[in-house]
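The values are calculated or read from the model by the stated rules, or taken from the named source; none is laboratory data. Just so you know, these numbers come straight off a predicted model, no measurement behind them. When we count neighbours, we look across all protein chains shown, and the Cβ atoms used for this are built from the backbone with ideal geometry, even at glycine. Please note that ligands, DNA and RNA were not included when accessible areas were found on the heavy atoms of the full protein model with its side chains. Shrake-Rupley method; radii C 1.70, N 1.55, O 1.52, S 1.80 Å.
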Amino acid sequence: MFEWSDEDLMVRDAVRGFIDKEVRPNLDALESGELPPYDILRSMLAAFGMDTMNAERLEADLAAEEAGEQKKGGGSNALADSMFLILNMEMAGVSLGLIASMGVSMGLTVSTIRSRGTLAQKRRWLPGLVTMEKVGAWAITEPDSGSDALGGMKTTVKRDGDDYILTGNKTFITNGPYADTIVVFAKLDEGDGTPMRERKVLTFVLDAGMEGLTLGKPFKKMGMMSSPTGELFFDNVRITKDRLLGETEDTGSDRRGGDSAKAGFTAERIGIAALSLGIINECQRLSIDYAKSRTLWGQEIGRFQLIQLKLAEMEVARLNVQNMLFVAMEAAKAGKPPTLAQASAMKLYSSRAATEVAMEAVQLFGGNGYMAEYRVEQLARDAKSLMIYAGSNEIQVTHVAKGLLAD
Ligand SMILES: Cc1cc2nc3c(=O)[nH]c(=O)nc-3n(C[C@H](O)[C@H](O)[C@H](O)COP(=O)(O)OP(=O)(O)OC[C@H]3O[C@@H](n4cnc5c(N)ncnc54)[C@H](O)[C@@H]3O)c2cc1C
């Protein structure tokens, strides 16, 4: 694959049509945090028939699982699905927060329950999540952990008869303020003196409204205000065993559950390349238009070589990120999705490229670039977030190097 197919371009145009009609008129309300993103996301899913399609696919998968059939594919399918990537890319160029909220709810939250839940747990929580009737959140980060998410985790569960009691708190949780269904990671305190860092990490599903669970208010952020982010507080929340994912404390060879997280990390990091490409495309489009229309000293600024350099560097970034994405899509289709180290390299490069392109777009627009009306300042603020979450870029460096130095 070296370019989008005609069918892909038709999907892209349809997505752009939806964005122009439903998203752009609401952008100020979304980007001030005044309008939560969920109703617009639900109407987007409905407009493209994705709510029905997701519900039908889920039902077919669960029926097959019930019948004891082995599920096909799993995990990396999203990468081979160009409609899904185009949707992410196009939305990111307009309101990264919208797609981030959807990605956490329908991506991380759903995939964790799907890969680790029992059939009954999947039936209980997935139907609402795959249509976004319910808002999902995925909570691992804590004030004192972050990049050291598993080792530094302090949120704790203790057994109490057949139940567990959860205490602690999480922060920076996408959709946290509006979550209906929350996947939460916690250390098991077995009362045997096992050091905190060594304790097992168990994964639970909570529902909003449970006693002792408090959802914090949305934080004010540098960008992505269309994606509500907040804290979660657990004050002796009683959890029945049917909320423990897999209904087992067996976390496999890695006590902290890191093994099963790897496929999710790979998909998430490649997803960041699609989001980065969306921001690069939009910045380049806006910059070219501006370079052709802004006149100084009697000529378009696009005639100045230093402006041309900015456009050329945007094009280099666009080609590189797009090519990386195409290669990853082809590899996934061929059943050989990128390794974690390769996905980390893609995330590292593409998020940096998107941030640099967006900052250069602000510069190209001059004073107008610094004004909210011209949108490039929002794209620059949004792009920066891509260097921080889904594993900070410094952590990506360690994963790329680990891959290179292995053996
Ligand atoms: C908008 C947004 C949404 C988020 N959504 C979620 C969510 O839905 N769920 C969730 O669980 N979390 C979420 N997060 C949290 C996110 O995953 C963390 O912010 C991220 O992992 C970094 O952790 P930290 O912020 O604690 O930074 P820290 O880990 O404190 O890092 C501080 C600095 O040290 C660097 N650093 C850390 N370790 C190393 C190292 N070994 N070598 C070199 N440098 C290092 C980091 O790169 C960073 O520059 C979100 C964050 C943001 C900003």
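Amide H of Gly216: which non-local residues (sequence gap of 5 or more, or other chain) have their own amide H closer than 5 Å, using H built in the peptide plane?
Sorted by chain and number, the residues that satisfy this are Glu231, Leu232, Phe233.
May I ask you to evaluate 6.51 cos²θ - 1.76 cosθ + 1.60, the Karplus curve with θ = phi - 60°, for each residue of the stretch 178-191 and list the ³J(HN,Hα) values in order in whole Hz, giving x for glycine and proline?
With the stated coefficients, the stretch 178-191 comes to 10, 5, 9, 10, 10, 8, 10, 9, 8, 7, 8, 8, 8, x Hz.
Could you give me the ³J(HN,Hα) list for the stretch 32-46, computed from phi with Karplus coefficients 6.51, -1.76, 1.60 and θ = phi - 60°, whole Hz, x at Gly and Pro?
9, x, 5, 10, x, x, 5, 5, 5, 5, 5, 6, 5, 4, 5
Accessible area per residue for the stretch 6-135 in Å², computed with a 1.4 Å probe and the full protein assembly in place, what is it?
On the way: 5900 Å² over 130 residues.
Computed with neighbouring chains in place, this is 45 Å² per residue.
Please list, by residue number, everything in the stretch 366-403 whose backbone N is under 13 Å from a paramagnetic label point 7 Å out along Cα→Cβ of Asp144.
none
What is the packing order of peptides 298-305, 218-225, taking the mean over residues of other C-beta atoms within 10 Å and listing the highest first?
Working: 298-305: 12.9, 218-225: 17.2.
Put in order of decreasing packing, that is 218-225, 298-305.
Taking amide H atoms as placed 1.01 Å from N in the peptide plane, list the residues 5 or more away in sequence, or in a different chain, whose amide H sits under 5 Å from that of Thr155.
So Thr155 has HN proximity to Asn169, Lys187.
Could you give the C-alpha radius of gyration of the stretch 130-246 expressed as a fraction of 2.2 N^0.38 Å, taking N as the number of residues it contains?
Numbers: Rg = 14.2 Å, N = 117, 2.2 N^0.38 = 13.4 Å.
The reported ratio for this selection is 1.05.
Using a simple charge model, +1 on the beta-carbon of Lys and Arg, -1 on the beta-carbon of Asp and Glu, nothing else, what dipole does the stretch 6-135 show about its Cα centre, in debye to the nearest 20? Write out the running numbers ahead of the final one.
Working: 14 positive and 20 negative charges, 116 e Å.
The dipole of the stretch 6-135 has a size of about 560 debye.
Averaged per residue, what accessible surface does the stretch 263-378 expose to a 1.4 Å probe, in Å²? Write out the running numbers ahead of the final one.
Numbers: 5580 Å² over 116 residues.
That works out to 48 Å² per residue.
Could you tell me which residue out of Ala14, Pro36, Thr112 lies farthest along the dipole of the stretch 1-143 toward its positive end? Charges go on the beta carbon: Lys and Arg +1, Asp and Glu -1, centred on the Cα centre.
Positive-end residue among those listed: Thr112.
Over the stretch 138-256, what is the relative contact order in whole percent, taking alpha-carbon pairs under 8 Å and six or more residues apart?
Working: 254 pairs, mean separation 36.5, N = 119.
31 percent.
Leaving out ligands, DNA and RNA, what percent of the accessible area of the stretch 6-135 is carbon and sulfur, probe 1.4 Å?
On the way: 3050 of 5900 Å².
Reported share for carbon and sulfur atoms: 52 percent.
Taking the Cα centroid of the stretch 262-337 and of the stretch 110-124, what is the distance between the two, rounded to the nearest whole Å?
36
Ratio of alpha-carbon Rg to the 2.2 N^0.38 Å globular estimate for the stretch 1-143, to two decimals, please.
Values: Rg = 16.2 Å, N = 143, 2.2 N^0.38 = 14.5 Å.
Ratio of Rg to 2.2 N^0.38 Å for the stretch 1-143: 1.12.
In degrees between 0 and 90, to the nearest 10, how far off the longest principal axis of the chain does helix 6-18 point, with axes built from Cα atoms?
Tilt relative to the chain: about 90 degrees.
Report the calculated FRET efficiency for Glu190 and Lys292 (r = Cβ-Cβ distance, R0 = 56 Å), to the nearest 0.05. Could you put the intermediate results ahead of the total?
Numbers: r = 66 Å, r/R0 = 1.19.
E between Glu190 and Lys292, to the nearest 0.05, is 0.25.
Please give the peptides 266-274, 203-211 ranked by average Cβ packing (other Cβ atoms within 10 Å per residue), highest first, as a rough proxy for protection. Don't skip to the end; give the middle numbers.
Details: 266-274: 25.6, 203-211: 16.2.
Peptide ranking by packing, descending: 266-274, 203-211.
Just to be sure I understand: of the beta bridges DSSP finds with both ends in the chain, what percent are antiparallel, rounded to 5? Working shown, then result.
Values: 26 of 33 bridges.
Around 80 percent of the beta bridges assigned by DSSP in the chain are antiparallel ones.
Can you list residues from other chains, or at least 5 along the same chain, whose modelled amide H is less than 5 Å from the amide H of Thr118?
Those lying under 5 Å, H to H, from Thr118 are Gly246, Glu247.
With just the Cα atoms defining each centre, how far is the stretch 155-226 from the stretch 1-70? Give it in Å.
28
Once phi is turned into θ = phi - 60°, what whole-Hz ³J(HN,Hα) does the Karplus curve with 6.51, -1.76 and 1.60 give for every residue of the stretch 331-339, x standing for Gly and Pro?
4, 5, 4, 7, x, 10, x, x, 6
Show that you can apply the helix-only estimate: for the chain, add -39,500 (n - 2.57) for every DSSP H stretch of four or more residues, divide by all residues, and state [θ] at 222 nm to the nearest 500. Numbers along the way, then the final one.
Working: 13 runs with 202 residues, N = 407.
Result for the chain: -16500 deg cm²/dmol, rounded to the nearest 500.
Taking N as the number of residues in the chain, what is its Cα Rg relative to 2.2 N^0.38 Å? Before the final figure, lay out each step's value.
Values: Rg = 21.9 Å, N = 407, 2.2 N^0.38 = 21.6 Å.
Taking the Cα Rg and dividing by 2.2 N^0.38 Å, one obtains 1.01.
If the only charges are +1 at each Lys and Arg Cβ and -1 at each Asp and Glu Cβ, what is the size of the charge dipole of the chain around the Cα centre, to the nearest 20 debye? Intermediate values should be presented prior to the final figure.
Numbers: 46 positive and 56 negative charges, 134 e Å.
Using only the charged Cβ atoms, the result is roughly 640 debye.
Can you tell me the orientation of helix 258-293 relative to the chain, as the angle in degrees between its alpha-carbon axis and the longest Cα principal axis, to the nearest 10?
In the chain, helix 258-293 runs at an angle near 20 degrees to the longest axis.
How far, in degrees from 0 to 90, does helix 393-405 lean away from the longest principal axis of the Cα atoms of the chain, to the nearest 10?
80
If you count only protein heavy atoms and use a 1.4 Å probe, how large is the accessible surface of Tyr389, to the nearest 10 Å²?
Approximately 70 Å² for this residue.
May I ask you to rank Ser5, Ser351 by accessible area, largest first, using a 1.4 Å probe over the protein chains only?
Details: Ser5 55, Ser351 0 Å².
Of Ser5, Ser351, the descending order of accessible area is Ser5, Ser351.
Please report the carbon-and-sulfur percent of the accessible area for the stretch 156-263; probe 1.4 Å, protein heavy atoms only, DNA, RNA and ligands left out. Don't jump to the answer; show the numbers that get you there.
On the way: 2380 of 5020 Å².
Carbon and sulfur together cover 47 percent of it.
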